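The values are calculated or read from the model by the stated rules, or taken from the named source; none is laboratory data. Bear in mind the structure is a predicted one, so any value in this text is a computation, not a measurement. Glycine also receives a Cβ, built like all others from the backbone with ideal geometry; neighbour counts cover every protein chain displayed.
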Amino acid sequence: MKNRLILSHFFYLTSILSLLFCFGCGDTEDEQEVIPPTYNTFLDAPDEYPLQSDDQSPPLTDIDLKDAKQWLHLTLKDWGNLKDEDWEKLKDADWISLTDAEVKELMDLKIPNGWAFEEGNEALRKKHHEATLFQQFGDIPQVRYIVESDRMSRSGIVTLEFAKQLVANSAAMYFLFPSADNQQTFKKIRNLLQSIIEQEERSLEKDELRRLEQLRIEDPEAWVKSMRAFLIGKHGNIPEVNTIIEFLRKLELDLPRADEECRSYLTAYDALYTAFKVLSTYEYEYYAMFEAVDQVWPIVEEGPLRVLKKFREARAEGISFYDINWDDN
């Protein structure tokens, strides 16, 4: 509902802000002959995987996301230089690794001509495919990773862990077959991992903001300190953050705010959240923007005035801004 409110009054608020500011401020490598990756099925259509978390998975943490980002920023050259132990880090607790005996069997297996076109025994065809990779490239971590990942059973839901493994698999495939198609596949899968990371970061931030909102209701002084740390972590220790947190402190503690402080808040808010950038993800900053506007230039238009009244009522009653019923007239 908040997004609808923001969009419906975007130009109204932009006009107000503009007026206030006016008054207040003066190689792709050549393709090689490749073995068709017949059994690398999860790389066939990377765009079809849903970007959602597995509800059965444990909650992710900042450490999980930090780990995922280190793989996200590797180039294809970096992936080609990974050590054996690095490939092992990409295997989760459910991963089933090949034994040395299995690898030796595949290395020694006699592969018939035309094995890829034989019909009937799919298990045997898959074994011939694996043996072909080992016999062509040797017992290297990239081959082991491709064969092992293809043997894993997948739910079809792309978790953060699965996305990392998809990137690793596509990088390994490019290492073996450095073609333009495999380079493009790597880029698509890496973008998939980035989308998952961004989605999870938004989810963690939302949980943190709700926790902060509850802290504001219970202990405003502690909330000010926590909000300062949160905003610095989000934007950096910049003047705009100091301006915003000082205004939020005075607003929440019901301290007097000069008109110039309101204008300074709106300028900082505009720099961080509007001007066609990302709108505020924190309800209190959004509410504070209405209070700053209303003090310098009292809001009279029905829509924005209703939003401000809703925020004020919730604050007076000790209701979380995230629990406001915007459909209640």
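Structural remarks
- Residue 115 meets each of the listed conditions (1) surrounded by fewer than 11 Cβ atoms within 10 Å (Cβ to Cβ); (2) modelled with pLDDT under 90 apart from (1).
- Sole residue being in contact with a helix residue (DSSP H, G or I) (Cβ under 6 Å, 6 or more places away or on another chain) and surrounded by fewer than 19 Cβ atoms within 10 Å (Cβ to Cβ), chosen from 127, 188, 164: 188
- Screening residue 94 against (1) closer than 18 Å to residue 172 by Cβ; (2) surrounded by fewer than 15 Cβ atoms within 10 Å (Cβ to Cβ) leaves a single unmet condition, (1).
- Checked against the criterion of being assigned by TED's automatic domain parsing to the domain that holds residue 132, surrounded by fewer than 19 Cβ atoms within 10 Å (Cβ to Cβ) and over 30 Å from residue 102 (Cβ atoms), region 168-182 contains one or more residues that satisfy it.
- Residue list for region 125-141, restricted to those being closer than 10 Å to residue 103 by Cα and either among the charged types (D, E, K, R) or in contact with a His (Cβ under 7 Å, 6 or more places away or on another chain) (or both): 130, 139
- Top-ranked residue of region 320-329 - restricted to ones that are in contact with a helix residue (DSSP H, G or I) (Cβ under 8 Å, 6 or more places away or on another chain) and not in a helix (DSSP H, G or I), ranked as farthest from residue 215 (Cα to Cα): 326
- Checked against the criterion of being over 21 Å from residue 215 (Cα atoms), at pLDDT 90 or above and outside any helix (DSSP H, G or I), the candidates 300, 307, 293 yield just one match: 300.
- Extreme residue, farthest from residue 94 (Cα to Cα), among residues of region 143-171 that are part of a loop (DSSP other than H, G, I, E, B) and within 15 Å of the chain's Cα centre (by Cα): 158
- Tally, over region 222-253, of residues that are surrounded by fewer than 18 Cβ atoms within 10 Å (Cβ to Cβ) and either aliphatic (A, V, I, L, M) or outside the structural domain of residue 317 (by TED's automatic domain parsing) (or both): 5
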